[in-house]
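For reference, the structure discussed in these notes is given below.
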Amino acid sequence: PQWIGSQYMMFTGTVNGDAMEGNLLDHTGMPHAFRGVRAPKLLYAEPEKWSKPKPLLKENALDGWMVPAGSDTNQWFVKDGVLTSPASGANLMTEEKFMDFKLHIEFKYPEHSNSGVYLRGRYEVQVEDSYGKEPSSVYLGGVYGFLTPNENVAKKPGEWQTYDITLVGRRVTVVANGKTIIHRQIIPGITGGALDSKEGEPGPIYLQGDHGPVEYRNITIAIPEK
C-alpha cells in the first residue's frame, strides 16, 4: 500500500515460478492474500515520430468512454465539447487502451475540488485546487505520492488549465499551463486508485470523478508511428 509503507506489516509467502504468493498482515492486523510478479522494466526508447493528435472526446456524446465495471451510476455528460462531472460519483475511462503516448487535456474545477488523470489507468497525475501552495506530489501536476513538480503552476479555481503529458515506458514528462514541471522522470510503480497492476500492458486514459466536481475538454492523444 502506497501510504502505509512506514507502518508495520508482516509478509509471508513462497516463490512459485516467476510469482510470489502468500499472506500479509497489515498495520491494523487484518490479513490479506496476495500474489505478485516482478514489475516490468519498461525500457525507455524515444519514438522517432508521433502520429497526428486524435480527439478522444465528441462534441455532445460519451462515445468511446465508459465507467468501470461495478459502478452504480454515471454522472458524467458532454455538452458543447466539455466533459463534466457535476458531483462526486463514478470514474470514467476510454474504451481504447494506449501504451506510449502524448496526451493533451484541459481541465477546470471549483474551489477545494479534486480529480486526477490516470495514465494507462495506473499512474495518477493529480488535478486539485492547489493555488498558492508549495509543490507536492499530491498537489496539481504531481504523480500522486511519487513525483513532485519543480514548481506549482496551479491557477485559481474556476480557470481552465492544461496538461501536456508524454509517457514512454516508465518515463513521464508533465507540462502544466505551458511550463515543464516534471521532465523524463521514472514512475516507480502504480499509484493509489489504479485500475490494475499490469504495468507491461496498454491501459486507458482514466479520469477521477469520485472526489468532486470537475470539467475536461480538448482531450487529444498521439501515439508513436511505426
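Being without any contact (Cβ under 8 Å) to a residue 24 or more places away in the chain and either assigned to a strand (DSSP E or B) or in contact with a Ser or Thr (Cβ under 6 Å, 6 or more places away or on another chain) (or both) is the filter here; which residues of segment 37-55 pass it? If the condition is that a residue be without any contact (Cβ under 8 Å) to a residue 24 or more places away in the chain and either assigned to a strand (DSSP E or B) or in contact with a Ser or Thr (Cβ under 6 Å, 6 or more places away or on another chain) (or both), then Val37 is the only one that fits.
Test Lys102 against the criterion of being closer than 23 Å to Glu225 by Cα, modelled with pLDDT of 95 or more, crowded, with 19+ Cβ neighbours inside 10 Å and not hydroxyl-bearing (Ser, Thr, Tyr), and give yes or no. So Lys102 passes the test. The residues listed here are Gly193, Gly158; of these, the one that is surrounded by fewer than 16 Cβ atoms within 10 Å (Cβ to Cβ) and either assigned to a loop (DSSP other than H, G, I, E, B) or under 14 Å from the mean Cα position of the chain (by Cα) (or both) is Gly158. The C-beta contact set for segment 131-146 (first residue more than 11 Å from Val117 (Cα to Cα), second residue aromatic (Phe, Trp, Tyr) and crowded, with 17+ Cβ neighbours inside 10 Å, distance under 8 angstrom, 6+ apart or interchain) comprises Lys133/Tyr139; Ser137/Tyr144; Ser137/Phe146; Val138/Tyr144. Looking across segment 24-61, the residues that are out of contact with any strand residue (DSSP E or B) (no Cβ under 7 Å at 6 or more places or on another chain) and surrounded by 12 or more Cβ atoms within 10 Å (Cβ to Cβ) come down to His27, Ala39, Pro40, Leu42. Does at least one position in segment 74-83 carry a residue that is within 15 Å of Thr220 (Cα to Cα), of a type in the set (Lys, Arg) and either part of a loop (DSSP other than H, G, I, E, B) or at pLDDT 95 or above (or both)? Among the residues of segment 74-83, not one is within 15 Å of Thr220 (Cα to Cα), of a type in the set (Lys, Arg) and either part of a loop (DSSP other than H, G, I, E, B) or at pLDDT 95 or above (or both), which makes the answer no.
Just one residue in the set Tyr144, Tyr216, Tyr118, Tyr206 is touching a Ser or Thr at 6+ places or on another chain (Cβ under 7 Å), closer than 30 Å to Glu48 by Cα and surrounded by 20 or more Cβ atoms within 10 Å (Cβ to Cβ); that residue is Tyr144. Please verify whether segment 10-23 includes one or more residues that are touching a strand residue (DSSP E or B) at 6+ places or on another chain (Cβ under 7 Å), in a strand (DSSP E or B) and of a type in the set (Asp, Glu). Checked segment 10-23: at least one residue is touching a strand residue (DSSP E or B) at 6+ places or on another chain (Cβ under 7 Å), in a strand (DSSP E or B) and of a type in the set (Asp, Glu). Determine, yes or no, whether Ile182 is buried (at least 17 other Cβ atoms within 10 Å of the Cβ), over 13 Å from the mean Cα position of the chain (by Cα), hydrophobic (A, V, I, L, M, F, W, C) and modelled with pLDDT of 95 or more. When the stated conditions are applied, Ile182 passes them. Every listed requirement among (1) in the same structural domain as Gly193 (by TED's automatic domain parsing); (2) assigned to a strand (DSSP E or B); (3) not hydrophobic (A, V, I, L, M, F, W, C) is met by Asn60 save one, (2).
The values are calculated or read from the model by the stated rules, or taken from the named source; none is laboratory data. None of these values were measured; they are calculated from a predicted model. Cβ sites come from the backbone with ideal geometry, for glycine too, and all protein chains shown count toward neighbours.
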